[in-house]
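Notes to accompany the following structure.
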Amino acid sequence: MKDSQQQSTDDVDEQSDINRCFQKYQKELDCRHDKHERLVKLSRDVTIESKRVIFLMQRNSGPNKCDEVLEQAWQKIKDIQQQKFLPIAKELQGEDPYQFLRAYTAGLQEYIEAISFYHYLKSKTLVTLEQVQSDLTYRVPSEGSDDLQEKTISVRVPPSEYMLGLADLTGELMRFAINSVGSGNLYCPNEVCAYLRRMLGGFESLGQVSREMGRKVSTLRQSLQKVESACYALQIRGSEIPTHMLKDVFRSGTDSSYMEERDMDD
C-alpha cells in the first residue's frame, strides 16, 4: 500500500497544467500582498507628513507670520503630492483602486484634513473634491514609447474618503479658534463657529452614511459645542478676563478631549 502511495506521489507531474495554474496564482497573490505592503508604508508616510503640516499651520500665532507659514505649508503639501502620492498612483496603475483603498485610506484622509485646513486659513473656503482629485492627478511618460508620449495616472479620491477627511478638519478648526484668542484675535471663534455650523448642516443632510461617518459627525457636534461655549464666554466674560488669560481658560476644557480625538483617529 505504501509503495503504491509513494509511486502515485512520484508520478505527479510538476509541469502539469494544474500545477502551472496554481504557481501562477501564487505569484499573483504574492505580488498583490507586496503591493499592499508598499501602499501601507506610503500611507504611513503621508499620515506623518500631513500631521506635520497641520502642526505647522497651528503654530501660526499671528497675522505677521500667516503668509510665511502658509507658504511653508503649501511647499510641504506639494512635496507630499510628488514624493508620496505619485508613487501611490504608479502602484495603482491598471488596478482596481477600491481593492487597495484600505491600504492608503488613513493617509488620504489625513492629507485631505491638512489641505482643507490650508484652504480655510488661506481663503476661508472649503476645498472641493474636484480640487483634491486634480492635485492627485499626474502626467507621466508612457512606458516603451519612443516619441515621449505622456499618460495620465491618479490616486482615486472616493467621495466617502473626501467627506471623512473633511470631518476630521473640525477638530483642527476648534483648536485653531481657541489658540487664536491667545494671540488677540477675538473674532476668529465667531468665524469658525459659523463655518462649523454650515459644515454640520451639510453632514446632517447626508443622513447615516456609515458607522465611521456617524462617529465623526458626533465629534463635529462636540467641536462645535466647544467653539460655541468659547464664543459665549467671550461675549459674556470677555471684559472680565485679560486677553492673555482667555486662551488658558478655553483650553482647559478642550485640550484633553482634543488629544483623545487625535488618539482615536491615529
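The values are calculated or read from the model by the stated rules, or taken from the named source; none is laboratory data. None of these values were measured; they are calculated from a predicted model. Positions of Cβ are backbone-derived with ideal geometry, glycine not excepted, and every protein chain shown enters the neighbour counts.
Restricting to region 151-195, name every residue that is aromatic (Phe, Trp, Tyr) and within 24 Å of the chain's Cα centre (by Cα).
Tyr162, Phe176, Tyr195
In this structure, does Arg20 turn out to be closer than 20 Å to Ala106 by Cβ, surrounded by fewer than 16 Cβ atoms within 10 Å (Cβ to Cβ) and over 23 Å from the mean Cα position of the chain (by Cα)?
No; evaluated as a whole, the condition is false for this residue.
I'd like the full set of residues that are in contact with an Asp or Glu (Cβ under 7 Å, 6 or more places away or on another chain) and either crowded, with 20+ Cβ neighbours inside 10 Å or among the hydrophobic types (A, V, I, L, M, F, W, C) (or both), limited to region 89-110.
Leu108, Gln109
Yes/no per residue for (1) charged (D, E, K, R); (2) exposed (fewer than 12 other Cβ atoms within 10 Å of the Cβ):
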position: Gln75; (1), (2): no, yes
position: Leu86; (1), (2): no, no
position: Ile112; (1), (2): no, no
position: Phe117; (1), (2): no, no
position: Leu121; (1), (2): no, no
position: Asp135; (1), (2): yes, no
position: Thr152; (1), (2): no, yes
position: Pro158; (1), (2): no, no
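Is region 135-143 home to any residue that is under 18 Å from the mean Cα position of the chain (by Cα), part of a helix (DSSP H, G or I) and over 22 Å from Arg211 (Cβ atoms)?
Yes: region 135-143 contains one or more residues that are under 18 Å from the mean Cα position of the chain (by Cα), part of a helix (DSSP H, G or I) and over 22 Å from Arg211 (Cβ atoms).
Inspect all residues belonging to region 116-130 and state whether any of them is without any contact (Cβ under 8 Å) to a residue 12 or more places away in the chain, among the acidic types (Asp, Glu) and touching a strand residue (DSSP E or B) at 6+ places or on another chain (Cβ under 9 Å).
No.
What is the residue count in region 48-81 for residues that are in a helix (DSSP H, G or I), more than 16 Å from the chain's Cα centre (by Cα) and of a type in the set (S, T, N, Q)?
The number of residues fulfilling the criteria is 4.
Has region 231-242 got at least one residue that is touching a Ser or Thr at 6+ places or on another chain (Cβ under 8 Å) and modelled with pLDDT of 85 or more?
no
Go through Ala73, Ala103, Ala89 for me and flag whichever is touching a His at 6+ places or on another chain (Cβ under 9 Å) and aliphatic (A, V, I, L, M).
Ala103
Would a scan of region 181-202 turn up a residue that is among the polar types (S, T, N, Q), at negative phi, touching a residue at least 12 places away in the same chain (Cβ under 8 Å) and assigned to a helix (DSSP H, G or I)?
yes
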